[in-house]
Structure formats: structure tokens, C-alpha cells
Amino acid sequence: MRRRIIRVLVRILLIFVVVTAAAGWYMREEIQRLWAVNSLFDADRIVENFSNMDAAFLTVEVPRGSGPASPMPEGEPADLPAEVADWIEERAVTSLLVLQDGQIRHESYHLGTAPTDQRISWSVAKSFLSALMGTLVDDGTIPELGAQVTEYAPMLAGSAYDGATILDVLQMSSGVTFDEDYLDYNSDINRMGREIALGGTLDGFAAALTETDRPAGEEWQYVSIDTHVIGMVIRGATGRDIPSLLSERIIAPLGMDSTPYYLTDGEGVAFVLGGMNMTTRDYARLGLLFLNNGDYGGQQILSADWVAASTTASANTAPGEIGYGYQWWIPVGSEPGQFMARGIYGQYVYVDQVNGVVIATTGADRQFRDSGVNEENVRIFRLISESLAPPAPGPEPEAEAEQEDSQ
């Protein structure tokens with residue numbers, strides 16, 4: 001009797017092992033992606049991972065078009081402030097590109113990266129999507145930002161987004177309850193990452209959110225899933241997927257160096273809130289577009305009105321808090337025309353229309369959430385930009401002579 005029980009248990013164990021092995025083989029890609037998500041930010045892997053996201057995730061290309069790369073001529077090498085070298089090391093910067101009046105004044109790559117690396121954007125991708133929305137507003141495809149998001153994305157009816165307008169989600173003021181803590185395994189943002197890794201759908205994830213903690217439009221609160229909803233609105237308004245539409249309206253006209261790509265969910269829907277991958281020079285081209293008020297190489301890709309509106313601190317942020325427009329950040333103390341795109345772990349496109357400067361950086365800064373890090377990064381950008389500003393004009397020769405005569 002005892003031997004019979006042992007034989008039965010052994011058979012059950014063998015069946016379990018075979019079924020588990022078969023399931024593991026069948027779901028091997030999903031398991032690999034889930035492992036990649038859980039080890040993505042490990043200290044010994046983060047730099048390499050950020051340059052090779054297509055090795056671990058589902059992706060889709062954003063066609064660059066058939067034209068040549070737009071010119072990015074070399075200017076006089078800049079003598080950057082001495083503090084910049086220490087900042088590059090402390091903040092695990094992987095690339096730094098400084099342009100003034102469209103010319104390269106500084107370009108450097110660090111921690112083993114190269115100019116051809118296509119680095120993950122994280123939330124810098126949000127500003128690309130904002131630019132795409134601007135082209136649809138400009139041509140009347142989406143005529144009214146006050147329209148409800150459910151008008152274009154009916155799947156969201158009955159969700160936490162029911163009642164939110166397009167403007168609300170552009171300004172990160174949807175009121176949707178969403179935990180953006182990247183360091184909490186069970187936060188909403190990390191659950192969303194695992195959803196992508198396992199082949200789930202972002203549309204379904206957004207539609208499943210049901211809780212709000214404030215009325216839509218009342219108060220700014222950074223919620224990354226709001227950007228996915230912008231993508232749902234754009235897809236609903238145009239009947240097009242984001243990669244092909246972004247290619248046609250933004251990427252191809254900018255003349256990128258190489259073909260960008262998005263991470264996608266299990267249905268091939270682009271991860272528009274943070275899944276763009278491109279070279280540092282190509283990130284800088286978005287900055288040049290906004291530096292020149294929507295004009296690029298003599299072509300008005302985006303209206304100056306949209307550039308101004310999207311980069312003005314219009315969201316209802318707390319007093320003294322960093323400003324927010326339409327998926328663009330406006331640092332505290334900025335002059336008009338100074339704004340930036342920002343992504344976690346040190347991705348930035350900083351635009352300073354005052355001094356004609358664009359700064360694009362990528363990074364692998366695992367301390368990016370430490371107190372004061374963003375403020376320090378902005379300080380460095382301003383230091384670089386101001387160091388390139390032309391010297392203030394001195395007194396005219398006649399004025400100098402008059403001054404000497406009066407002494």
C-alpha cells in the first residue's frame with residue numbers, strides 16, 4: 001500500500017514537472033520580459049539595458065522616412081563650466097549634447113555608450129506625443145481641447161477618466177488615483193510595467209482604473225497613464241496608430257539620424273508615455289523644433305501658438321512648485337521660453353530660447369529621486385546655457401570718451 005502511494009505521488013510529481021516545463025516553454029518570452037522588467041534597473045545592468053531595450057521587450061519602429069539626416073553642424077567647442085565634469089560622474093550621465101543656434105558646441109558619451117546608441121526616453125516621450133497632438137489641433141482634427149476624452153476613446157466610459165477632458169490629461173490634471181512610486185514594487189506604475197512584460201494591454205489597464213481622488217481639472221498631479229489616454233484620444237480621432245502618425249508628422253520632417261522605436265504592449269500598441277528609443281542627437285532635434293517655435297529647416301511643422309501654449313506653466317500646480325504645461329516642464333525661476341522634457345533616471349531635453357540653447361542628456365542615475373537632484377540638474381543646464389550667452393555689450397566709444405571728460 002505504501003509503495004503504491006509513493007508511485008502515485010511520483011507520477012503526480014512527474015506530471016507537474018512536465019506541465020510546468022511545458023508552460024515555461026510556452027510562456028518563455030513573457031517570462032524573459034518579466035525578468036527583464038525586474039532586473040532593468042540593477043546597478044550592473046542599467047546602462048546596457050537602457051541602450052538595448054529592444055532585446056527584452058516587444059517593439060515597433062517609427063519610420064524615419066527616406067530623406068537624409070538633417071544637418072547638425074559642428075560649432076566652436078564650448079568651454080563648459082568646471083562643475084559639469086563632476087556632475088556627469090555624480091549623476092551617471094551617459095550622454096551630453098549642447099547645441100547653440102543649431103550648432104554642436106559640446107558632445108560627449110560616457111559609461112561605455114556611443115553616439116549610435118538608441119537610449120530609452122522614459123517620460124521625454126510624453127513631449128513627443130504632445131507635439132503630435134499639436135499638429136492635430138493645428139489642422140482641426142481635434143478642434144476642442146475641452147472635449148471629453150470618452151468622445152474619442154469610448155472604452156473609457158465608466159472608468160476613472162469618464163468626465164475628464166483632453167486638456168485635463170494634457171495638463172496631468174485628470175484626478176485619477178495612480179501611484180507613481182518607481183521604488184514600490186506594488187505601485188501602479190510598476191504594475192503597469194509588468195502588464196506590458198506579460199503581454200497585457202495598456203488600453204485595458206487604463207479602462208480598469210476606477211478611483212479618483214479629486215475632480216478632473218482641479219489640481220495637477222503627475223500621472224503617467226494620463227499620457228496613454230492622450231494616445232487613445234489621438235488613435236480614436238484619426239483611426240491611425242501612433243508610430244505611423246508620429247513618423248509622418250514629426251519624425252520624418254525632423255530628419256532623424258536613425259529609425260526610432262517604441263516599446264509596445266501585447267497588442268502592439270505603442271508605450272507612448274515612456275517607451276521611445278532614439279539617439280541623443282535625435283532627442284535634441286525635438287528641442288530644436290521647439291527652440292524655433294515649431295519651424296525646422298524652414299518648414300513649419302508645428303504652430304508657434306501650440307509651442308507657446310504647451311510650454312507655458314498652465315496646470316494648477318502648488319505655489320512655488322515646478323510648472324507644467326502640455327506634457328512639458330517649466331522649472332521654477334524660468335524666463336519665458338525656458339522649459340524642458342524630463343524622464344526618470346536622467347533623461348532631459350532642455351530648451352532655452354533666451355540664449356538659443358538646446359541641451360539633451362541621457363543617464364542611468366539610480367538616485368534620480370533623491371531630494372534636490374532635479375533642481376541640481378536644472379542648475380547645471382542653466383549654468384551651461386548662461387556660459388554660452390554672448391557677453392553684455394559695453395559702453396559705446398563716444399560714451400566712454402564723454403565719461404572720461406567728465407572726470
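The values are calculated or read from the model by the stated rules, or taken from the named source; none is laboratory data. If you're wondering where the values come from, they're calculated on a predicted model, not measured in any experiment. Note that each Cβ is placed from the backbone with ideal geometry, even for glycine, and that neighbours are counted across all protein chains shown. Each accessible area value is taken on the protein alone, full model and side chains, heavy atoms only, with ligands, DNA and RNA left out. Shrake-Rupley method; radii C 1.70, N 1.55, O 1.52, S 1.80 Å.
Here 357, 378 are screened, and the one residue that is farther than 27 Å from residue 42 by Cα and surrounded by 15 or more Cβ atoms within 10 Å (Cβ to Cβ) is 357. Is it the case, given these coordinates, that residue 195 is of a type in the set (D, E, K, R), over 21 Å from residue 237 (Cα atoms) and open to solvent by 60 Å² or more (accessible area, probe 1.4 Å)? When the stated conditions are applied, residue 195 passes them. The single residue among 255, 275, 298 that is without any contact (Cβ under 8 Å) to a residue 12 or more places away in the chain and among the small types (Gly, Ala, Ser) turns out to be 298. Taking the conditions (1) in a helix (DSSP H, G or I); (2) open to solvent by less than 40 Å² (accessible area, probe 1.4 Å); (3) not hydroxyl-bearing (Ser, Thr, Tyr) in turn, residue 209 satisfies each one other than (1).
Counting the residues of the stretch 236-247 that are under 19 Å from the mean Cα position of the chain (by Cα) and open to solvent by 30 Å² or more (accessible area, probe 1.4 Å) gives 2. Checked against (1) buried (at least 24 other Cβ atoms within 10 Å of the Cβ); (2) within 25 Å of residue 106 (Cα to Cα), residue 232 passes all but a single condition, namely (2). Among residues of the stretch 91-111 that are hydrophobic (A, V, I, L, M, F, W, C), none has a Cβ under 6 angstrom from a residue that is modelled with pLDDT under 95 and open to solvent by 20 Å² or more (accessible area, probe 1.4 Å) at a sequence gap of 6+ or on a separate chain. Scanning the stretch 139-179 for residues that are among the small types (Gly, Ala, Ser) and either out of contact with any Lys or Arg (no Cβ under 7 Å at 6 or more places or on another chain) or open to solvent by 20 Å² or more (accessible area, probe 1.4 Å) (or both) gives 140, 146, 147, 153, 157, 158, 159, 160, 163, 164, 173, 174.
Criterion first (more than 15 Å from residue 284 (Cβ to Cβ) and surrounded by 19 or more Cβ atoms within 10 Å (Cβ to Cβ)) does residue 372 satisfy it?
So residue 372 does not fit the description; no.
Going residue by residue through the stretch 177-193, is there one that turns out to be of a type in the set (A, V, I, L, M, F, W, C), modelled with pLDDT under 95 and in a helix (DSSP H, G or I)? Scanning the stretch 177-193, I find at least one residue that is of a type in the set (A, V, I, L, M, F, W, C), modelled with pLDDT under 95 and in a helix (DSSP H, G or I), so the answer is yes. Filtering the stretch 60-111 to residues that are open to solvent by 70 Å² or more (accessible area, probe 1.4 Å) and not charged (D, E, K, R) leaves 66, 68, 71, 77, 82, 103, 111.
Consider the stretch 269-287 and keep the residues that are over 11 Å from the mean Cα position of the chain (by Cα) and under 17 Å from residue 106 (Cα atoms). The one that is surrounded by the most Cβ atoms within 10 Å (Cβ to Cβ) is 284. Pick from the stretch 293-320 the residues that are of a type in the set (A, V, I, L, M) and assigned to a loop (DSSP other than H, G, I, E, B): which of them is nearest to residue 352 (Cα to Cα)? It comes out as 313.
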